[in-house]
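The values are calculated or read from the model by the stated rules, or taken from the named source; none is laboratory data. Just so you know, these numbers come straight off a predicted model, no measurement behind them. Methodologically, a virtual Cβ is constructed for each residue, glycine included, from the backbone with ideal geometry; neighbour enumeration extends over all protein chains shown. The area values use the complete protein model at the heavy-atom level, side chains included, leaving out ligands, DNA and RNA. Shrake-Rupley method; radii C 1.70, N 1.55, O 1.52, S 1.80 Å.
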Amino acid sequence: MSWGLKNRLARILNSQTGRTVMLAVDHGYFQGPTTGLENPRRTLEPLIPYADSLMLTRGVLRTSVSDDIRVPIVLRVSGGTSILKELSNEGVTTSVEEAIRLNASAVAVSIFVGGEFERQTLLNLSRLVDEGERYGMPVLAVTAVGREMNRDARYLGLATRIAAELGAHIVKTYYCEGFSKVVDGCPVPLVIAGGKKIPEEDALRLAYNAISEGAVGVDMGRNIFQSDSPVGMIKAVRAIVHEEASVDAAFKLYSESRKVMHVERTVASAESAE
Ligand code: R5P
């Protein structure tokens, strides 16, 4: 691994805790204006100060993120399909050269193990790893789960191990029962996605369990930006990932932040009515 590649990885994984809170806001690349992300700039602005990195496409980066931010970018570089078609039919949409031009700290590519286009997506990953090694650019493999796949330890263990074997530097997967087995079988750092929006306390428990069982962090989207207090939620997730906070303590942090947000909104709407 070159110095440049290691340095980029170190930007993503916090040097003190070795962990990371990645904010995933790349959903539009296949599902369009996702709830909570209709206006990416508006969603992102209050959250950026709390994210260790942002995972997004070049389109959202260019249009909706100010060019003076210091948060590392994990650039989504696979796509080419939509929710209206077979999701696994992805290609590489953005070159490593463009990722370098955009000052990305890593590139992200989905693999669909068991999907119709499994081979194509595994070769996308392999090609990006080859290029990434050439230019010092880490590759995050996203183990995307097709509609027909079970998110269990056996399947996720298979997908994450294949990603690591093909050379991914970080792997993103889902939390599941028996998650520590998935971690054991994957020789590179694992982060978990949050998945569909669930109650805040449950999402915090998911993060807590994943970290306790060996994930180095989260790459979470909907359970943050679709929360009734996105800032409260990202602060709570940070407390779990970086400060070993309990689920109760993190939930309290979220609830307090939510209360403050409501008071601020009430005051602002009273002032505008005057
Ligand atoms: C999905 O393919 C995207 O890569 C998302 O970044 C990923 O699913 C994580 O977001 P969420 O926490 O909303 O599942």
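Could you pull out the trypsin sites (Lys or Arg not before Pro) across the stretch 187-224 that fall in loop regions by DSSP (anything but H, G, I, E, B) with no more than 12 other Cβ atoms inside 10 Å?
Counting only loop positions with at most 12 other Cβ atoms within 10 Å, the trypsin sites (Lys or Arg not before Pro) in the stretch 187-224 are K196.
What residues qualify as long-range amide H neighbours of R19, i.e. H under 5 Å apart, gap of 5 or more or another chain, H built at 1.01 Å from N?
Answer set, sorted by chain and number: N14.
Identify the trypsin sites (Lys or Arg not before Pro) of the stretch 110-181 meeting these criteria: DSSP loop state and at most 11 other C-beta atoms within 10 Å of the C-beta.
Filter output for the stretch 110-181: R147.
Give me, ordered by chain and number, the residues 5 or more places off A24 or on other chains with an amide H under 5 Å from its own placed amide H.
It is M55, M220, G221, by chain and number.
Can you give the net charge of the other residues whose Cβ lies under 13 Å from the Cβ of Q226, counting K and R as +1 and D and E as -1?
0
Once you order the gyration tensor axes a ≥ b ≥ c over the Cα atoms, which shape class does the stretch 36-83 get: rounded for a/c under 1.5, otherwise prolate or oblate by comparing a/b with b/c?
It comes out prolate by the Cα gyration axes.
Carbon and sulfur atoms: what percent of the 1.4 Å accessible area of the chain do they account for?
Carbon and sulfur atoms account for 50 percent of the accessible area of the chain.
Go through 255-262, 235-242 and give me the packing order, highest mean Cβ count within 10 Å leading.
So the order, starting with the most tightly packed, is 235-242, 255-262.
Compare L84, L206 by solvent-accessible area with a 1.4 Å probe and give them largest first, with all protein chains kept in place.
L84, L206
Is the stretch 3-228 best put as rounded, prolate or oblate by its Cα gyration tensor, with a ≥ b ≥ c the root eigenvalues, rounded for a/c under 1.5, and otherwise prolate when a/b is larger than b/c, oblate when not?
rounded
Treating only the Cβ atoms of Lys and Arg (+1) and Asp and Glu (-1) as charged, compute the dipole magnitude of the chain about its Cα centre; round to the nearest 20 debye.
Roughly 260 debye for the chain.
In whole Hz, what ³J(HN,Hα) sequence does the stretch 183-198 give by Karplus (6.51, -1.76, 1.60; θ = phi - 60°), x for Gly and Pro?
3J(HN,Hα) across the stretch 183-198, in whole Hz: 4, 4, x, 10, x, 10, x, 10, 10, 10, 7, x, x, 4, 4, 10.
For the chain, what's the relative contact order in percent, using C-alpha pairs closer than 8 Å and at least 6 residues apart?
Relative CO of the chain lands at 16 percent.
Using helices alone, I'd like the mean residue ellipticity at 222 nm for the chain: each DSSP H run of four-plus residues gives -39500 (n - 2.57), total over residue count, nearest 500.
It comes out at -14500 deg cm²/dmol, rounded to the nearest 500.
Choose one of S257, L166, S66: the residue whose Cα lies farthest towards the positive end of the charge dipole of the chain (beta-carbon charges +1 Lys, Arg; -1 Asp, Glu; about the Cα centre).
L166
In whole Hz, with x marking every Gly and Pro, tabulate ³J(HN,Hα) for the stretch 242-256 from phi via Karplus 6.51 cos²θ - 1.76 cosθ + 1.60, θ = phi - 60°.
9, 10, 6, 5, 6, 5, 4, 5, 5, 5, 4, 4, 4, 5, 5
Through the Karplus equation 6.51 cos²θ - 1.76 cosθ + 1.60, θ set to phi - 60°, convert the phi angles of the stretch 155-165 into ³J(HN,Hα) values in whole Hz; use x for Gly and Pro.
Result, ordered by residue: 5, 5, x, 4, 5, 5, 5, 4, 4, 5, 4 Hz.
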